[in-house]
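S.K.: The structure follows.
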Amino acid sequence: MKTIGTGLTVALLAGTAHAQVQCQDVTAEALGLDDVTITEAMAVPAGDESPVAQCRIRGVMAERTGADGRAYALRFELALPDDWNGSFVHQFNGGNDGSVEPALGGLPSGTGDRPALSRGYAVVSSDAGHDGAAVPDAGLAGGARFGFDFEARRMYGYGAVATLDPVARQAVETFYGQDIAYSYGMGCSNGGRHAMVAAARMPEAFDGILATAPGYDLPRAALQHAIDVQALSAVTGDLASSFTRDDLALVADGIRASCDALDGLEDGLVQDPAACEAAFDIGTLQCSPGQNGACLSEAQVTALSQIHAGSLDGEAPPYSDWYWDAGIESGNWRFWKLESPIPPWGNLPLIAVMGSSSLAQVFTTPPTQVAGDPESLLEFAATFDVAARADDINATTDAFPESAMEVMSPPGSDDPELAAFRDAGARLIVVHGNSDAVFSAKNTADWYATLDANNGGEAGDFALYYPVPGMAHCQGGPTLDNYDMFAELVNWVENGEAPREVPVSASPGNDEVPADLVDATRPLCPAPLIATYTGDDPMSADSFTCQ
């Protein structure tokens, strides 16, 4: 329970509350909002558009003309359920933002099958201060063209959440005529970055934050895109053909052969990624002289070694090194790094489309205008001189007084303590799939280890990190990824019960789950604990202990 920007002191609400302002009467004036334009206020019944009956409010604020001469604004959607539970969720969105995603308060993995709205939370979502479709003539580079305007960068980095949050809270409290009881923030990928930025920059705003697959080192991770493109292109001259699906399945099988049993049970899941680093050697999969099947070429081994190390030249990685994990065979890993099924992208992977355009226009200073056709985007990443230009993510100019790293990353994230967040009594749960292809789970694990050390080994009193074996970016992969970490966070915040073993099972829509695991359950363990098989039924989470 917090005191928020409107000066209202939050009191615990009993049961559910109902609107004091009727949806059809909603205006900015009725909600007490200044410099906000309400563009829609509509009663939406439970159905295809919404899991519950709600008053859906859409609005615009922070309108301006940018330094690039284009119109900018912060657009948002606020979902106010008919049966309000008294609490609030700020939904942080992913990618380059640029669109207002439906305000549901759900994550690809982490909220089970019940988004926050369906649980009675008021939820707000925004486009983070720019319209990703505003420059259609820029083609595939248009979604990142906002990077030529510093204020748009700043809003995307940290300004939008800080600007919208108190406005959304005031609207909620005025609409229902009661104070918010508890406030939460949640997001995955770039949304996970927003979440970690909020913990650092707005330590008193949220009672609980859930950050999944957090791209908190986003500009550095963008450098990895160029490394990946260059390493993989060197294999055959073409990203898609550098590794077949069978090649990556071979790698995944090799990882499992070396590392699966380290947790006491061979079940397809590598629970101890740190031990796997010592146990697995990619070189053992290289073809012997005369061998031409069920092995990797020398060029393939070199490429995967470079990607794993996060470096093309053997020097310290500009971003991070990575875990070896069996989810390297997932479709998501392939979609990010090798190819997509999208013809307008030239079937290029995400790192060569969104990744390349963002590196050029958002994450380096000064920005470089890149053409929006697939060939130009691929060429930019393929020819980007990482060694010479890595420090461009830290550069400033008169027009860009804060660097991309300063704008995008949580202050202090290289040596985190989160003292203000801790002292405010807030709680943070970070979740990351060990097979994430775009943000390194090893980087997140290292961040948490430093946070713990800087808190005298007691970071678990307010912040927990849960790695998910085999999980790809935000969801999916040959693993179990159906868990409800939001419920665990709420219980921790509101009842003082810190989570430990969190049950995880197969997601119904995940067709990559190994057949032997479809009906299995496992515990997710808070780092540095490892889910270890201790006997009895291998299908049951009860047969594993976090130790």
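No value in this document is a laboratory result; all are computed from the given coordinates. This structure is a prediction, so every number in the text was calculated from the model and none was measured. Quick reminder, even Gly has a Cβ in these numbers, built from the backbone with ideal geometry, and neighbours come from all protein chains shown.
S.K.: With +1 assigned to the C-beta of every Lys and Arg and -1 to the C-beta of every Asp and Glu, and no other charges, what is the dipole magnitude of segment 82-158 about the Cα centre in debye, to the nearest 20?
M.R.: With Lys and Arg at +1 and Asp and Glu at -1, about 240 debye.
S.K.: Order the peptides 88-96, 275-283 from the highest to the lowest mean number of other Cβ atoms within 10 Å of their residues.
M.R.: Per-residue Cβ counts within 10 Å, averaged per peptide and sorted highest first, yield 88-96, 275-283.
S.K.: Could you order the peptides 40-47, 263-270 from most to least packed, using the average number of other C-beta atoms within 10 Å per residue?
M.R.: Listed from highest to lowest mean packing, they are 263-270, 40-47.
S.K.: Next question, about the same structure. Calculate how steeply helix 374-383 sits against the longest principal axis of the alpha-carbon atoms of the chain, using the helix alpha-carbon long axis, and give the answer as 0 to 90 degrees to the nearest 10.
M.R.: Computed tilt is about 60 degrees.
S.K.: What is the extension gain from Glu458 to Thr396, computed as 0.36 nm multiplied by their sequence separation minus the C-alpha to C-alpha distance, in nm to one decimal?
M.R.: Contour length minus the Cα-Cα distance gives 18.7 nm.
S.K.: A further question on this structure: Under a Cβ-only charge scheme (Lys and Arg +1, Asp and Glu -1), can you give me the dipole magnitude of the chain about the Cα centre, in debye to the nearest 20?
M.R.: In debye, rounded to 20, the chain gives about 880.
S.K.: Which net charge results when you count Lys and Arg as +1 and Asp and Glu as -1 among the other residues whose beta-carbon is under 12 Å from that of Ala294?
M.R.: Combined, the nearby Lys, Arg, Asp and Glu give -3.
S.K.: Give me a comma-separated list of calculated 3J(HN,Hα) values for segment 247-254, in order, Karplus coefficients 6.51, -1.76, 1.60 applied at θ = phi - 60°, integers in Hz, x for any Gly or Pro.
M.R.: 4, 6, 5, 4, 5, 4, 5, x
S.K.: In degrees, nearest 10, range 0 to 90: what is the angle between the Cα axis of helix 190-201 and the longest Cα principal axis of the chain?
M.R.: Helix 190-201 and the main axis of the chain meet at about 60 degrees.
S.K.: Just to be sure I understand: of the beta bridges DSSP finds with both ends in the chain, what percent are antiparallel, rounded to 5?
M.R.: The answer is about 55 percent antiparallel.
S.K.: Then there's this: Grab the other residues whose beta carbon is less than 10 angstrom from that of Pro273, score K and R as +1, D and E as -1, and report the net.
M.R.: Around Pro273, the surrounding residues sum to -2.
S.K.: Could you order the peptides 184-190, 482-488 from most to least packed, using the average number of other C-beta atoms within 10 Å per residue?
M.R.: Listed from highest to lowest mean packing, they are 184-190, 482-488.
S.K.: A further question follows. Considering the options Thr236, Tyr319, Met61, tell which one lies farthest towards the positive end of the dipole of the chain, charges being +1 on Lys and Arg and -1 on Asp and Glu at the Cβ, about the Cα centre.
M.R.: Most positive-ward Cα: Met61.
S.K.: For Ala17, what charge total do you get from the other residues with a beta carbon under 15 Å from its beta carbon, if Lys and Arg give +1 and Asp and Glu give -1?
M.R.: Its environment carries a net charge of -2.
S.K.: Right, something else. Would you work out if the chain is rounded, prolate or oblate? Take a ≥ b ≥ c from the square roots of the eigenvalues of the alpha-carbon gyration tensor; rounded if a/c is under 1.5, else prolate when a/b is larger than b/c, oblate otherwise. Don't skip to the end; give the middle numbers.
M.R.: Numbers: a/c = 1.85, a/b = 1.28, b/c = 1.44.
The shape class here is oblate.
S.K.: I'd like the orientation of helix 441-454 relative to the chain: the angle between its Cα long axis and the longest Cα principal axis, in ° from 0 to 90, rounded to 10.
M.R.: Value to nearest ten degrees: 60.
S.K.: Determine the gain in length on full extension of the stretch Asp113-Ala43; use 0.36 nm per residue of separation and subtract their C-alpha separation, reporting nm with one decimal.
M.R.: Extra length available between Asp113 and Ala43 comes to 22.8 nm.
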